[in-house]
Amino acid sequence: MLITYPKGQLSRYGLIVFLILAPSLYGLLCYIDISRITITFLILIVSIIFYNLWRIYKNETELITTSDKAFEFALAKSRFLASMSHEIRTPLNSVIGFSEQLSQSKLNAEQAAQLTAIRSSSTMVLDLVNDILDFAKYETNKANFEKISFAPFKSINEVVDIIAIQAAQKDIELKSDISFEETVCILGDSLRLKQLLMNLLSNAIKFTERGSVKLKADLVVAPGGKQAILKVQVIDTGIGIEAINLAMIFDEFAQVNYLPSTFKPKGTGLGLAICKKIVECQDGEIKVVSELGRGSVFSFSIPYELCDEQLLENRAITAIDLTSLIGKRILLADDNRMNILLIRTVIGKYQITSDVAYDGQEAYNLFERNRYDLVLTDIQMPIMNGIALSKAIRLHVDLAKRDTTILGLTANVLPEDRTRYINAGMNDLVLKPFSEQELMEKIAIQFDRKKQV
């Protein structure tokens, strides 16, 4: 969190007042005929005051300058990380996408094992990129926290079910103890809560060789019944943390250096730093108690607003009828030929026809000559980018064409980027790298919405 320093008005005003009053004060002292020694002493005191005011003003000016530079540096770093993310996510889109398509083919055991290794490695790279970007967003206060109704009981259990696979692979007992009812409803960001729990439970399992990992969750209702504090503990019987490392365990890029070779740390060292940011951005508190060789207890508490259980969103995923997409015609615009090949491979399985353009101007020329049910465009393209293409489509003289659905393909994940693309006229975004299911659901949802209008 960046600190904003005061602009130094107090010391500046004090300095001005002193300069105005100093001559008058000297004249007054001479007028009342005080001894020269006393006058000299008073002048010395006033000089010291003046010097201290000057020092305060100078220090405050330096602090303001340093604060401004730190903020500019954080923004520059955020922009660099966003650019880096785009450059890594774009080739990853092809690696992960074609791996998924190959996994649906008939492969022998050796080929299947090699393909699993490719998918696992590419997913690991994606996780690293996501961690770095998440931390950059928290550091520059660009992370958005939703405030929607959800059931914490369900969210916690969903994470436990996913983590149970990791625990089973290491033959570690995973236990959960949730003290509140399934129907309890709170307002907040369920995805951030899941991310927080996933990081803490994954860490606990990673650094536990034998024994158990236990999640304990309580909900303490405040007087009045409108607010509640969610208190969670993740207790493990792992290797523990040395006392000297406890103070820096939540720092960014922190990696403890006493670990045995079997626990060689992997990743960016940002997992716990992100956990701390998630908790503190919601006015919560996180801490750890640990002893080397005897396990650790990570605990956090986050205040939430209680809501009526009738407000709980129905999150049941309805089956999307992809057969309704048969015969649809899509315009694909992307300068990356591998992405084009991947998308055509996926949509071809659902009997969707497509025309291809490798820059925005070529795409717009095709758009003017033909009618399409949907335009799927990359953001960064030569000659005319996806933003300019979307704006041109929304200004087309043909009202029917102007209303064509536009889906943007992007590897940029910062909130301001999404806002800019939507404001340009895009209906929604498909984030790279995407799975077959994610792409087809995005396309189907847009056609379903158009049908309902």
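The values are calculated or read from the model by the stated rules, or taken from the named source; none is laboratory data. Note that the structure is a prediction, hence the values are computed from the model and not measured. Cβ atoms come from the backbone with ideal geometry, glycine included; neighbour counts cover every protein chain shown.
Structural remarks
- Under the condition of being under 12 Å from ILE286 (Cα atoms) and in contact with a helix residue (DSSP H, G or I) (Cβ under 8 Å, 6 or more places away or on another chain), the residues counted in the range 231-252 number 4.
- Condition check for LYS231: over 16 Å from CYS275 (Cα atoms), assigned by TED's automatic domain parsing to the domain that holds CYS185 and touching a residue at least 12 places away in the same chain (Cβ under 8 Å): no
- Picking from residues in the range 205-233 that are more than 20 Å from ALA151 (Cβ to Cβ) and aliphatic (A, V, I, L, M), the one that is farthest from the chain's Cα centre (by Cα) is VAL213.
- Selection count, the range 402-417, where residues are out of contact with any Asp or Glu (no Cβ under 8 Å at 6 or more places or on another chain) and under 13 Å from LEU374 (Cα atoms): 3
- Total residues in the range 289-305, condition out of contact with any Asp or Glu (no Cβ under 6 Å at 6 or more places or on another chain) and crowded, with 18+ Cβ neighbours inside 10 Å: 5
- Single condition LEU376 does not satisfy, out of (1) farther than 22 Å from LEU102 by Cα; (2) modelled with pLDDT under 95: (2)
- Scanning the range 369-389 turns up one or more residues that are free of Cβ contacts under 8 Å to residues at least 12 places away in the same chain and of a type outside the set (Gly, Ala, Ser).
- Set ILE148, ILE178: member being under 22 Å from the mean Cα position of the chain (by Cα) and farther than 17 Å from CYS275 by Cβ: ILE148
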